[in-house]
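To start, the structure under review is shown below, and the notes come after it.
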Amino acid sequence: MPRPWLFALLAAAWLLATALHVPAAVAQERIDRAEVAAVGADGQPAAQWRPVGLPDAWDRAKPPRFGEAWYRLRFTAVDADDRPYALYFARAGNALEILVNGRPIARLGIDSPRSPDYTRQPLFVRLPPGVVRNGDNEVLLRLQVHRFQNGGLAAMHAGPDDLVRPLYDARYATVVWGALLVAGITVSLGVLALAVWARLREPIWLYFGAASTIWGLRVAALPLIEPPISKAAWEALLWTGYGAYIALMALFSLTAIGVRRAWPRRALLAYFWANPLVCVLAQWAVLPALQTTWQAAHIGVAFAVGAVVMVQAVRTRRTDEILLAVGIASSVAVGVRDWLHYWVVPDGYESVFIARYASLVFFACMAWILVDRFSRALRGYARLSSELASRVADRERQLAQQYERLREADRNATLLSERERIMRDMHDGIGAQLVSILQQLDGRPPPPASELSDQLRDALTQLRLSIDSLDAIDGDLESALGNVRYRFGSRLETAGLRCQWEIDDLPAMPWLTPQAILGIQRILLEAMTNAVRHAGARTLSVRVLDEGDWIRLSVQDDGCGFDATSVAAGRGLANMRHRARMLGASFDIRGNAQGTIVSLDLPLQPPSADAAPAAPRTPARTDPEAAPADARAEAPAASPAPSAA
C-alpha cells in the first residue's frame, strides 16, 4: 500500500476515535423520557403535559418547529446531602431556563436580543447545596428554539458532580478544544500556502490557502455561543464561508488533476461569487427553502467534483490523484454520516458532528499533494541547475580553449606582423641604402670613401634604431627622442654641426606603439640627415613643444635653404609624408634663404583607424619667417642634386 494511503487512513482513524470518544460508564442516571407542555401567556407551563422521548430535535418535526416549550424531567438522588449533584446535556437550546424542585437554577439566553445559541457547546449545571433531595426530584426546563438553528433537547444526565463531570469534559474537549485545534492547524496551513502563492503566483496555492483559511475560521466560529454581530448576519457569514470552501476545494481539485477546459473553472467562479448573495438573501428574507436548496447545491458540487477526481484517479493511477480521491471520498462519507445523524438516526441529535475534524484528513491529503508537487519542482530545479552548471562549465572550458587558441593566433599574428615590419624596414631602409652604396661602387668613377663612410654610418644608425624599437617605452616620447640624439649625435659632431635640443615636459602617449616610435624617429633622422648632407648649416635646432592637444616636433637649420619651384621631391620626402600619415600627424616643411624647418604635429589622443591626415598647423613659436613649400630639396639651392634615398 502506498505511504500516502496509509497516512490518510491512520489520520482518519485517529480523528474518528478522538471525536467519538466517550468515557467508560459511570454511576449516573440518563433520563431519556420527559413531558412537554406549551408556554402559557404568563410564561408558565400550560396545564396539559404530554410525553416525549429524548433527544427531541425540533428541526426533524414535520414541519420543523420553532418557538417555546416547557419540559418536565424527573431523576432519583441518593446521598444528596453528602455529595453535590449536577446536570449534563450533550445539547440543549437554543436558549433555556432551568428550575430544580421549583428553584431557579440557570437562565441562559432567554429573550436575549443577541439570540445566543447554547446548542453549540455541551451544558453542565452544578446544583447548589440543598436543592436536590434524596428520592424523586423534578426538573423544569423552558426551551426557546430559533428557526433552523438545530434547536432541541438531548437526554439529561443527572448524578453526583464527580460522576457527571467527566461526560461534560470529554464532550467539551471534543466540541470546543477539538474545533480550535482543527482551526489552528488549517489556518496555519492556509497562511503558509498563501505566502507560497504570493511568491510563486500559482493558482493551486491560492485555492488551497484561501479554502484552508476560510474553513479554519469557520470551524473556530462554530463553538461560539453568542455571535459578535446580529444573528442573521452571523448565520449568513457562516454559510457563505461553507460555500466558499466548497468552491475553492473544487477549483483546487480540478487544478490538481490537470483539467484544462475553461468552462468548469468559470462555472465554479460564478458559483463562488453567487454564494454570498444567496446566503444573505436566505437569511434576511427568511427563506428556509432557498437555504436548504443552496445547501443541496453545495453537496451536488462536492459529489460532481469528487466523481471527476475518482474517474481520473482510476484512469491514471497516479498517487497524488488517488490520494485526492481518498480525501474527497472521506469528506463526503463523513458529511453523509453527519447528515444521517442530524435527520435520520434516532439519537443522532446527541452525536458529535465530525466533518470539522475529518476535514483534517482532506487537508492532509491536499497538503501532501502540494508538498509532493513542490518537492518535485525543487528536484526538477536542482536537476536543471546541475545540468546548467555542467553546461556552463563545459562552455567555460570551450571558451577557455577558444580564448587560448585566439591568444595563440593573436600572438602568432603579432609575431608575423612584427616580422613583416622588420623585414619591410630592412628592405625600405637599410636594404635600399646598401643597394644604393653597391650601385655607387659599381659606377665609374666610384664615390669618395668619406661619402661611402657616411652612408654606411646612416645605414648602421637605421639598423640600431630598428633594433631599439623592439623595446617597450610605454608611450614615453622623450626616451625615443633621446635614443635618436644618442645614435646620431656623433654624426652631427663629425659634420661640424652644433645641435640644440629643446624639449618640454611631455605627457605620456600610451598609443605610441614601437612601429609609431620608429616612424617618428625616422622622420626626425631624415630631416637631420638632409641638413647634414645638403644644407651647409652650422647650427641645428630640435624642438619638442607641448601645444595642448598635440605635440609639435620641429627640426630647423641655418643653412642655404632651397627653392621649392626648382627642385624635385625625392623619395626621402615622400617617405616622411607617408610615415606622418600613418601616425595620423600633420607634416610641414618650409624653407628660404635663412634656412629650412621641418615640423611634425602629433596628436595626444590615438588617431582613429580611418582618420584623415591632419592639416598643417600654425608654425612653431620659434619658426623663422619662411615660405611654405611642398618639397624638400636634398641638395643646396645653388646646385640642385638628385633626391636622397
For the range 209-356, what is the largest minus smallest coordinate of the Cα atoms on each principal axis, given in angstrom and ordered from greatest to least?
48, 36, 27
Kindly report the accessible area of the range 19-149 per residue (heavy atoms of protein chains, probe 1.4 Å, no ligands, DNA or RNA), in Å².
49
Debye log10 I(q)/I(0) for the range 48-166, one point scatterer per Cα, at q = 0.18, 0.21, 0.22 Å⁻¹
-0.92, -1.19, -1.28
Relative contact order as a percentage, the range 292-393, C-alpha pairs under 8 Å and 6+ apart, gives 23
Local net charge near W177, Cβ-Cβ under 14 Å (Lys/Arg +1, Asp/Glu -1)
+2
State in Å² the accessible area per residue of the range 222-338; use a 1.4 Å probe, count heavy atoms of protein chains only, and round to the nearest integer.
49
How large a share of the accessible area of the range 256-368, in percent, is made up of carbon and sulfur atoms when the probe is 1.4 Å and the other protein chains stay in place?
71
Where does each of F148, F66 land when they are ordered by accessible area, with a 1.4 Å probe and the largest first?
F66, F148
Looking at the range 104-245, I'd like the Rg to Rh ratio, where Rg is from alpha-carbon atoms and Rh is Kirkwood's inverse mean 1/r.
1.11
Using only Cα atoms, locate the centre of the range 259-297 and the centre of the range 119-185, then give the distance between them in Å, rounded to an integer.
35
What percentage of the solvent-accessible surface of the range 78-145, computed with a 1.4 Å probe over protein heavy atoms, is contributed by carbon and sulfur atoms?
45
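The values are calculated or read from the model by the stated rules, or taken from the named source; none is laboratory data. Since this is a predicted model, take the numbers as computed values, not measurements. Positions of Cβ are generated from backbone atoms using ideal geometry, with glycine treated the same way; all protein chains shown enter the neighbour counts. What goes into the accessible areas is simple: the full protein's heavy atoms, side chains included, and nothing from ligands, DNA or RNA. Shrake-Rupley method; radii C 1.70, N 1.55, O 1.52, S 1.80 Å.
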